[in-house]
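Please read the structure below before turning to the comments.
The values are calculated or read from the model by the stated rules, or taken from the named source; none is laboratory data. Predicted, not measured: the structure shown is a model, and the values here were computed from it. Don't worry about glycine lacking a Cβ; one is built from the backbone with ideal geometry, like all the others, and counts go over all protein chains shown.
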């Protein structure tokens, strides 16, 4: 039982490049989330998905797109990366009582 | 506007109880109080949640005041491994637009030997 798996763990992008952060959960949860965390700050919600096929904006959605193609996977896409998107990204899935988080993706945009 | 107010930092001696306060004066009748913690750049970890009754599990106890406007997370015997940022979150349960999991700035708890 792997829980929430994020890939990659580390990534360096050049300004303007695109990439997709992958997240998969094996707990059959409906709700999934993407957050970013900047140094010394709390987590900020980017997008969330209440169920397969539905997505909604969170606190800081600009510059990102998401896709919830099936119940297991919720991906986050940066179409044109900017240095301001340098951050640690966390994915989470949630049961009726608690959320489970992945180990994070450390993204640097140069 | 933030739904919760927490002190930015607290210290606790190892082996003593750590009492982390949270104010949530605008909590509505059906909103729960959740606590998570984040240990040094790992993903956050669920601790406990409650509606109005006090709750206890193997990790901690949650005391909610009768008017539900504030709560306290209690770690009964803090260890060095409890050093973390603790987040108090008020929300409706389950996912969906009503039940977003929004984190504030939390309280950085430092457990000292």
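Of the residues making up the range A:64-74, those that are surrounded by fewer than 19 Cβ atoms within 10 Å (Cβ to Cβ) and in contact with a strand residue (DSSP E or B) (Cβ under 7 Å, 6 or more places away or on another chain) are A:65, A:67, A:72, A:73.
Scan the range A:45-57 for residues that are surrounded by fewer than 20 Cβ atoms within 10 Å (Cβ to Cβ) and either under 14 Å from the mean Cα position of the chain (by Cα) or at pLDDT 95 or above (or both) and the total you get is 3.
Within the range A:93-110, track down each residue that is more than 7 Å from every other protein chain (Cβ to nearest Cβ), within 20 Å of residue B:36 (Cβ to Cβ) and surrounded by 16 or more Cβ atoms within 10 Å (Cβ to Cβ). Answer for the range A:93-110, where residues must be more than 7 Å from every other protein chain (Cβ to nearest Cβ), within 20 Å of residue B:36 (Cβ to Cβ) and surrounded by 16 or more Cβ atoms within 10 Å (Cβ to Cβ): A:93, A:100, A:105. Scanning the range A:40-72 for residues that are within 12 Å of chain B (Cβ to nearest Cβ) and in a strand (DSSP E or B) yields A:43, A:44, A:45, A:46, A:47, A:48, A:49, A:56, A:57.
Being at pLDDT 95 or above, surrounded by fewer than 17 Cβ atoms within 10 Å (Cβ to Cβ) and within 10 Å of the chain's Cα centre (by Cα): is that true of residue A:77 here? Yes, satisfied.
One residue alone among B:48, B:39, B:89, B:64 is without any contact (Cβ under 8 Å) to a residue 40 or more places away in the chain, closer than 27 Å to residue A:102 by Cβ and in contact with a strand residue (DSSP E or B) (Cβ under 7 Å, 6 or more places away or on another chain), and that residue is B:48.
Within the range B:23-38, if we keep just the residues that are surrounded by 19 or more Cβ atoms within 10 Å (Cβ to Cβ) and more than 14 Å from chain A (Cβ to nearest Cβ), the residue that is modelled with the highest pLDDT turns out to be B:24.
Scanning the range B:42-61 for residues that are in a strand (DSSP E or B) and within 13 Å of another protein chain (Cβ to nearest Cβ) returns B:45, B:46, B:47, B:48, B:49, B:50, B:55. Kindly evaluate residue A:32 against the criterion of being away from chain B (no Cβ under 12 Å) and within 14 Å of the chain's Cα centre (by Cα). Spelling it out, it is not the case that residue A:32 is away from chain B (no Cβ under 12 Å) and within 14 Å of the chain's Cα centre (by Cα).
So that you can scan it fast, the table gives a plain yes or no per residue for (1) surrounded by 17 or more Cβ atoms within 10 Å (Cβ to Cβ); (2) within 14 Å of another protein chain (Cβ to nearest Cβ); (3) modelled with pLDDT of 95 or more:
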| residue | (1), (2), (3) |
| --- | --- |
| B:40 | no, yes, no |
| B:88 | yes, yes, yes |
| B:95 | yes, yes, no |
| B:112 | no, no, yes |
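In the range A:73-90, of all residues being within 14 Å of chain B (Cβ to nearest Cβ) and not in a loop (DSSP other than H, G, I, E, B), the one that is nearest to residue A:13 (Cα to Cα) corresponds to A:87.
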